[in-house]
Each structure stands twice: as C-alpha cells, then as structure tokens.
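Asks: I'd like to ask you about the structure that follows.
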Amino acid sequence: MKQNRYIVLLKDQHKSSIQSVEREFSVSVTSSELLSKDNRSYNIIDNKNAVLYKNLGVVVVDDMDEQQLTLSVKDTKSPVIWFEKERDFFAADEITLINELKTAVDQLKTKITELENFILHKPIPQQPVIEWQWGLKAIGMDKTLFTGKGIDVCILDTGFDISHPDFTGRTIEGKSFIQGEDWDKDPNGHGTHCAGVACGNVRNDTGVRYGIAKDCNLKIGKVLSNSGNGTTSSIIDAIDWAITKKFRIISMSLASPVQINEKPSVLFETVGTRALENNVLIIAAAGNDSQRPSLPAPVSAPANSLSIMAVAAIDNQMKVARFSNAGINASTGGNINVCAPGVDILSSYPRKSGSTTDYKLLSGTSMATPHVSGLAALYMEQFPDLSARQVWELLETKAKQIENLPYRDIGKGLIQTIH
Amino acid sequence: MIIYFGVLKEGINYVKIKKKLTEAGLIIRNYYPALKIVKFESEKKITQADFDFFVAIEEEKNDFSIQM
C-alpha cells in the first residue's frame, strides 16, 4: 500500500529547529549530507525517520499527521512554515498519450451512440419475408439460394397459359405437337400447374413461394390435348425437338398404365438412353392408378423405362399418396427412383371464367414430377460440370429415406436440395 | 392406317434402309436423327420379324394422359 509522503518546509535549519521537529512529530531527522550511494534516501525515509535536505531547508517524511502539520504552520513558534503531499509527475509524452487516449475514448463513445441510434431506428428491409408451400419446404428449398438460372427446362404437357401474371416478362419458348391447338394456351390448366411447380416463383397476391427453378429458361411442348390426352407420336416428336434444342431437362407429368409383369417399352427405353447420351435428363410421373391400401399398380410408361426417372408422390404427412404407383414390376424394370410432394400442391393455374384466383391445389404424381425437374435444374446450376446421368445419381444420393416407407413405394426417398 | 415406331439397330444407316421401307409399302412419316427412330404408317400389321434392321417396332399408343 502506497504511503503518503510529505514535504515539510522549515524556516531555518538551526539545531533547535530540527530538534523541535523531531520532538513534535516523533521522528528522527537525518541530514542529506549523510546520504551516499549505500545510504539512499528511500532506504531511510519512513514514518519514524525523515531526511533533511540541507540545501533546500526541506524535511521529507512519511505518514505525518496532516492535522498536526496544519496547526504547526499556523503556530508562529513552530519551525514548520509550509508542507504539502508528495506529487506524482509524468514525462510530457506520457501526459500526451493519456490525453490522446481520453480523446479516443470520447470519439468511441460518440460512435457507439451513433451505432445505437442506427440500430434502434433502422428501416424494415424492403425484401418481404418469404413463405413457402409445404412441398418446397419438404425438399429444403428454404435452405438453398440456387434458382436454376440458365438451365433449359422443358415441360411436355397440355400447354401453358402465357397470360398468367406470375410469368409476365419471362421469355418462354414453346411448340405445339397437337394439331390445331396452341402451346401458349392451356384450357386444361394441368400444364400451367406443372410448369409453375418446376419453374414458377411466388404468388402475386400473397408472396408465398410455390415454384422451384424460378430463374430457369422455361420451354413448353404441348404433347397432350386440351382434354389431357396424348399419343406416342406427339411425345416422341416433342422429345426429339427438346433434344435437338439441347434442353437439359424434360419433365413429363403424363403416363400410360401398364399391366403387372409387362415389360417396359423398348421405344421409350431407347429414347431415354439417347436423351442421356445427349446430356438430357427425362423425368416422368410414376402414374396414379393405385388405390392404397390395396396392392398398388405398377409404374406406368414411360416412367417404367430404366433410362427415364420415375417419380412417386407423398403427402405432407410424409405418407405415400394413395394413388401413387409402385415398383411392382421390379423384375422387368419399372422401379420408383425418388419421391416428391404430390398431394395438395398449390401452383399457377389459368384463371377461368368466374374464377377469382390464378392458383389451384392439385394432387398427383403429375405434381411430384415437376418438383424433381425443378430441383434437377438447381443441381445443374450448382454443379455445371455434371452430366445429366450424374445429376440423376446425385438426386438419388441426396434423397432422404422416409420412416416406414419401402423402396418399392418411394425409391431412394424424398429429393433434397444440397446446401 | 396404323402408326409404328421402329428403333434402329446400332450402326444402321437410315438412308440405306429408307428405300426398303418404302418398297415394302410403308409410308415414312418422320425420322428422328437424335433418337435413331423411324415413324411410319402401314395398312397391314407390322412386326419386328418383318425387318431385321430394327431392334424393336412398337405401335403407337393413344392412352397417355395427365396424372392428377
């Protein structure tokens, strides 16, 4: 603990004055003449021993009674005429440093106050909080920033309602393979719904996101009539068109039922193989011919071809959809590859007379299929060097198994984004 | 008229078999180079056994439909 040291100024250095101080303050005074390198002042001075600096007429001593010193100064008979506590002195540069530190602290306080004001009063971000349709959340869309940008996704279906407000401003290429019916109209609505799931964005009324590859290049091939039916000719014509145009993904939410033990079509097996050789991935609906819990129907054509990806449907309780076909003809091909959301799926829909909405909830493996197609576009954007076949493998590798659902029903499981 | 799709065997040149198809009375509707598939029509029933340069011949189906 630091002691208080006092500097006591005497009016003279007579022996009687020194003795008076020694008596009055109960200290022994040593003259500075007796100091040497072996007898330093700091080794002497304490509360019982003082040092008298002869040249200055000053006594230095520790822990004096300050009240007594004050009385001595006032007493004209006392040899003490002034006293003060020892002071600490700093070199000039140290004082400057302390002053600079004080200034810096003041500036920091100002900055902290400014930052505090900014945080407390900053505006709410312009970007709305995104909400997601259940299907998109189920596949992890809320965890990825990829949008399918630059990837050509071709929807082969009933056409597309080009006037749908969510697609205003997008460049959409299309072709009709149905005589007398246009690709850019969709009285049926099925094609617009599927295109919305794979390539749409957010609802223009609520801002809820329902589409996956919102920045992909949307291509439309009308292969199903307005009544929702089609032929081998229209499908083959459209696939050939899509491959020739080098589109990367062909999404087919269509099917033709097959019998148990029926072998897959060599025609479609060849088409799928040729597509993969041309770096095009064909994804197709497994079909809706089942009535579970009865034995499900086998995967329909063309999804039953080994070279075409087959998609089953699940609901938001992570149960296989009652209508979703299964890998019944496993010995001849026709397994399910993956599953995707396919029950109560909201997406874009043509506004029909009397309707007040541009959206509709639909269910089917038709709805599950474009989930896979949209996600494939995200993968292709994320991993541009992967071939179509490798993207297929990755979709299966990253898919999540669902508890209690067998491979027969959902293949490798529920598709997932990679983040 | 029945529409068929013939899947060409590996190494078969379409130009060389086109004449054989027309000589057999078939009406060629399309050839898909990227797929190596020929679409043709015939009034009579055609099977793969009729032409050795096809790996398969399939009749057109018209029961493809939306799945919802």
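The values are calculated or read from the model by the stated rules, or taken from the named source; none is laboratory data. Note that this is a predicted model, so its numbers are computed, not measured. Heads up, the Cβs are rebuilt from the backbone with ideal geometry, glycines too, and the neighbour counts pull from every protein chain shown.
Asks: Is it true that A:L254 is under 20 Å from A:F160 (Cβ atoms) and either of a type in the set (D, E) or buried (at least 24 other Cβ atoms within 10 Å of the Cβ) (or both)?
Replies: Here the answer is yes, as A:L254 does meet what is asked.
Asks: For the stretch B:13-22, enumerate the residues that are basic (K, R) and either within 13 Å of another protein chain (Cβ to nearest Cβ) or touching a strand residue (DSSP E or B) at 6+ places or on another chain (Cβ under 7 Å) (or both).
Replies: Once the filter is applied, which keeps residues that are basic (K, R) and either within 13 Å of another protein chain (Cβ to nearest Cβ) or touching a strand residue (DSSP E or B) at 6+ places or on another chain (Cβ under 7 Å) (or both), the stretch B:13-22 yields only B:K18.
Asks: Would you confirm whether any residue within the stretch B:23-37 is acidic (D, E), assigned to a loop (DSSP other than H, G, I, E, B) and more than 10 Å from every other protein chain (Cβ to nearest Cβ)?
Replies: No, the stretch B:23-37 contains no residue that is acidic (D, E), assigned to a loop (DSSP other than H, G, I, E, B) and more than 10 Å from every other protein chain (Cβ to nearest Cβ).
Asks: When only residues in the stretch A:402-419 that are touching a Lys or Arg at 6+ places or on another chain (Cβ under 9 Å) and more than 23 Å from A:D289 (Cα to Cα) count, which is modelled with the lowest pLDDT?
Replies: A:H419
Asks: Here is a follow-up. Considering only the stretch A:181-198, state which residues are of a type outside the set (D, E) and either assigned to a strand (DSSP E or B) or within 14 Å of chain B (Cβ to nearest Cβ) (or both).
Replies: A:P187, A:N188, A:G189, A:H190, A:G191, A:T192, A:H193, A:C194, A:A195, A:G196, A:V197
Asks: Quick test of your reading of the structure: A:I162 fulfils all but one of (1) touching a residue at least 24 places away in the same chain (Cβ under 8 Å); (2) in contact with a Lys or Arg (Cβ under 8 Å, 6 or more places away or on another chain). Name the failing condition by number.
Replies: Result: A:I162 passes all but (1).
Let's see how each residue does on (1) more than 14 Å from chain B (Cβ to nearest Cβ); (2) closer than 22 Å to A:H164 by Cα; (3) aliphatic (A, V, I, L, M); (4) without any contact (Cβ under 8 Å) to a residue 24 or more places away in the chain:
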| position | (1), (2), (3), (4) |
| --- | --- |
| A:Y349 | no, yes, no, no |
| A:P370 | no, yes, no, no |
| A:P384 | yes, no, no, yes |
| A:E396 | yes, no, no, no |
| A:K400 | yes, no, no, yes |
| A:L405 | yes, no, yes, no |
| A:K412 | yes, no, no, no |
| A:I415 | yes, no, yes, no |
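Asks: Something else: Return yes when B:L8 is under 27 Å from A:A242 (Cβ atoms), surrounded by 17 or more Cβ atoms within 10 Å (Cβ to Cβ) and either in contact (Cβ under 8 Å) with a residue 60 or more places away in the chain or at the interface with another protein chain (Cβ under 8 Å from one of its Cβ atoms) (or both) and no when it is not.
Replies: Considered against the rule, which asks whether it is under 27 Å from A:A242 (Cβ atoms), surrounded by 17 or more Cβ atoms within 10 Å (Cβ to Cβ) and either in contact (Cβ under 8 Å) with a residue 60 or more places away in the chain or at the interface with another protein chain (Cβ under 8 Å from one of its Cβ atoms) (or both), B:L8 comes out as no.
Asks: Hey, can you tell me all the residues within the stretch B:38-68 that are assigned to a loop (DSSP other than H, G, I, E, B) and facing another protein chain (nearest Cβ under 7 Å)?
Replies: B:E60, B:K61, B:N62, B:D63, B:Q67, B:M68
Asks: Only one residue in A:I119, A:I178, A:I155 is within 27 Å of A:S387 (Cα to Cα) and either within 14 Å of chain B (Cβ to nearest Cβ) or surrounded by fewer than 10 Cβ atoms within 10 Å (Cβ to Cβ) (or both), so which one is that?
Replies: Every option except A:I155 fails the conditions.
Asks: Are any residues in the stretch A:199-232 modelled with pLDDT of 95 or more, assigned to a loop (DSSP other than H, G, I, E, B) and among the basic types (K, R), and if so, which ones?
Replies: A:K214
Asks: Within the stretch A:247-261, can one find any residue that is in a helix (DSSP H, G or I) and either within 10 Å of another protein chain (Cβ to nearest Cβ) or farther than 19 Å from B:K61 by Cβ (or both)?
Replies: Among the residues of the stretch A:247-261, not one is in a helix (DSSP H, G or I) and either within 10 Å of another protein chain (Cβ to nearest Cβ) or farther than 19 Å from B:K61 by Cβ (or both), which makes the answer no.
Asks: For A:D237, which of the numbered conditions (1) more than 14 Å from every other protein chain (Cβ to nearest Cβ); (2) closer than 21 Å to A:E173 by Cα fails to hold?
Replies: (1)
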